[in-house]
Amino acid sequence: MRPNLVLRRRGWLLLLLLAVAILLPPWLGTYYVRFATQIAIYGMAALSVDLLLGYTGLITFGQAGLFGVGAYAGGMLIVLGVTNAFVAWPLAILITMLFALAIGALSLRTRGFQFIMVTLAFAQMLYYFAQSLRNWGGDDGFSTQRRNDLGFLSLESHATFYYVVLVLLVLVVWLCHRLVRSEFGMVIRGIRDNERRVAAIGFPPYRYKLVIFVIAGGIAGLAGALMANHAKFVNPAVLSWQLSGEILAMVILGSAGSLIGPVIGAAFFLAFRDVLSDYTEHWMLFFGPLLVARVLLLRDGIWGMLLRATGAGEVPKEPKVDFPEVPKPTAEEKPGAGP
Amino acid sequence: MSEFLLEIEGLRKSFGALVATDNVTLNIRTGETHALIGPNGAGKTTLVGQLTGELAPDAGHIRFAGRDITALQTADRARLGLARSFQITSIFPTFTAEENVALAVQATEPHSYRFWQPAETIERLRKPARKLLGDVGLESLGRRIAARMSHGQHRQLEIGMALATTPVMLLLDEPMAGLGMEESRAMSQLLASVKGRYTILLIEHDMDVVFSLADRITVLVGGRIVASGTPDEIRKSREVRIAYLGEDDDEFAGGLDAPG
């Protein structure tokens, strides 16, 4: 099929999704507007994980830690009287990026399984730190009472807030779309494909990984700040390892390495949880096998399936992830190991 | 600056009881094609690892263009002009052939913290990439996804990527490995075409290629250098034959085919 046609079809598909996101929730009612807001926020968090997992080949198990930092920063700023979103949200992003810088600087010195465990450990540290914040409700968390405002525009209406979140999500997707195709994007995708080769042609991989880790942290921080606004409530659960796992599940369900996939994954994940948890509190019992089925049966997630079904191209093949690829000094030493 | 581009002095590396690099001292002249040969297990790959910075030596120094690079990171060495190709194909499989080379061209720029302009539209990177693809004989395959190319084409792409970093010196780790007859011929032509334009350290089992291209040859056995000299000297050296093959053999006298 001609590349132009494929691109046009993908454009139509995206437009259709956007139209659904704009029109469907208000038509269904307030409950669904709030539900769609949740999807957009978790979708943004999942997108930040996709930058690391799908584009850089880094499996992080601690993104909820950064999401939570954004949520706490966003919530605290409201309580402290910084109500203007144009001030509060960038500040929450900046604070989260500083945390990401510190966490990334240490954890990116490790690889593969170690990296998973170290990011998890940092998120757990933040979780227990939040629990110990007595002034901020400790384990119970705290209520923000209200949302930020856009100066001229109050966000207390659920619909208004939803559309603001949706605009931000579209903006973030577009910025990331530019990012992954830029020169910087080529370097991080090179790291995903073959980190050793990236170093051999002259890019220091550590620094580039740190930069993308901080960028992804900023996006997770924005999502967190939006969550504090959405729920008007923050507690340590926003930093939990369960949430990190759920965000990873959203990415994998939707299609890693596609930016849109994680948002679709978030929608599916939350819809399943919502519907199933009406019937049983053991909804994970049903969701787990679904996730396994996705990995075993679907080559490239829901978004990949959607693209192929509509003839709108495909998601790049399942990315290879960062398991250690160290030079094997003894490979040649073994007789017959050479070609 | 001395006449030598790469100076290896008293290099040692051991893994437990195995001494993989045993007090290696070797100087490579600017502009020469220097072949490093030796049987499997001689420690060639370990030596290359230390030259590129992936392995840290236990003792000794490496100087490149007069500068001590023993403690430098891999990426920094590449930026000084020390490029390499890998024994086992090492490319970016999800990129197109052109993107593979373009990323290597991009590596010559001071930094790549540019987040906005799509890389595919940057002619500054794409033009040299297309030219290099032509140089290594892949001009018609620029848009092919690298994972879908043949082994021989991967080997050519490897060389293209190494050349794209505008190197001073090439470390070629068995460029002929696993090539069929036709591909071998193309590769040896390619190697002959870069000879003289760069200083080359060639690790290779194919003795035809080694003896036809190398200005000097160094023989590594058991981590130690047993001989170093012109192809003629090496061919005539009885020690080399004994050390290399463990017996007196006509391998070099005939100047033919590769062992194992």
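Read the figures in this text as sums done on the coordinates, not as results from a lab. None of these values were measured; they are calculated from a predicted model. Cβ atoms come from the backbone with ideal geometry, glycine included; neighbour counts cover every protein chain shown.
Before moving on, here are some points about what is shown:
- Each part gets one Cα centre, and for region B:1-75 versus region A:176-232 those centres are 35 Å apart.
- Computed from backbone phi with θ = phi - 60° and the Karplus coefficients 6.51, -1.76 and 1.60, the 3J(HN,Hα) list for region B:207-221 is 5, 4, 5, 4, 6, 7, 9, 6, 7, 9, 10, 10, 10, 10, 9 Hz; x is used for glycine and proline.
- Helix runs (DSSP H) in chain A reaching 15 Å along axis by Cα, Kyte-Doolittle at least 1.6: A:85-107, A:158-181, A:284-297
- Selection from A:79, A:62, A:37 lying farthest towards where the dipole of region A:32-241 points positive, charges on Cβ: A:62
- For the cross-link pairs B:44/B:131; B:127/B:195; B:13/B:236, the ones whose C-alpha atoms lie over 25 Å apart are B:44/B:131; B:13/B:236.
- Our coupling estimate for region B:94-106, obtained by passing each phi through the Karplus curve with A = 6.51, B = -1.76, C = 1.60 and θ = phi - 60°, is 8, 8, 6, 4, 5, 5, 4, 6, 4, 5, 5, 5, 4 Hz, Gly and Pro reported as x.
- Database remark: amide H of residue B:224 closer than 5 angstrom to the amide H of B:22 (H placed geometrically; neighbours at sequence offset of 5 or more, or on other chains; Pro and chain starts carry no H).
- Placed amide H near residue B:40: partners under 5 Å, 5+ positions off or other chain: none
- When chain B is treated as a Gaussian network with alpha carbon springs shorter than 10 Å, the biggest mean-square fluctuation among B:20, B:83, B:35 belongs to B:20.
- For the protein assembly as shown, the direction-averaged projected area of the alpha-carbon convex hull comes to 30.7 nm².
- Computed over chain A: relative contact order in percent, which uses C-alpha pairs under 8 Å that are six or more apart: 32 percent
- Segments A:155-164, A:98-107, A:70-79 sorted - mean Cβ within 10 Å per residue, highest first: A:70-79, A:98-107, A:155-164
- Computed from Cα atoms, the angle from the helix B:151-164 axis to the main principal axis of chain B rounds to 80 degrees.
- Degrees, to the nearest 10: B:181-194 long Cα axis against longest axis of chain B: 90 degrees
- About its Cα centre, region A:32-241 has a charge dipole of approximately 480 debye under the convention of +1 per Lys or Arg Cβ and -1 per Asp or Glu Cβ, with nothing else charged.
- Summing charges over all other residues whose Cβ lies under 14 Å from the Cβ of residue A:41, with Lys and Arg as +1 and Asp and Glu as -1, gives +2.
- Within-10-Å neighbourhood charge of residue B:12 [Cβ basis; K, R +1; D, E -1]: -1
- Put simply, the amide H of residue B:70, placed in the peptide plane, has neighbours under 5 Å in B:62, leaving out anything fewer than 5 places away on its chain.
- For chain B, a simple Cβ point-charge model (Lys and Arg +1, Asp and Glu -1, everything else neutral) yields a dipole of about 980 debye relative to the Cα centre.
- Estimated dipole of region B:91-165 in Debye, rounded to 20 [Cβ of Lys and Arg +1, of Asp and Glu -1, Cα centre]: 100 debye
- Whole-Hz couplings from phi, Karplus 6.51/-1.76/1.60, listed for region B:77-85; x for Gly and Pro: 5, 4, 5, 6, x, 9, 9, 9, 10
- Mean separation of Cα contacts under 8 Å, 6 or more apart, over the residue count of chain B: relative contact order %: 26 percent
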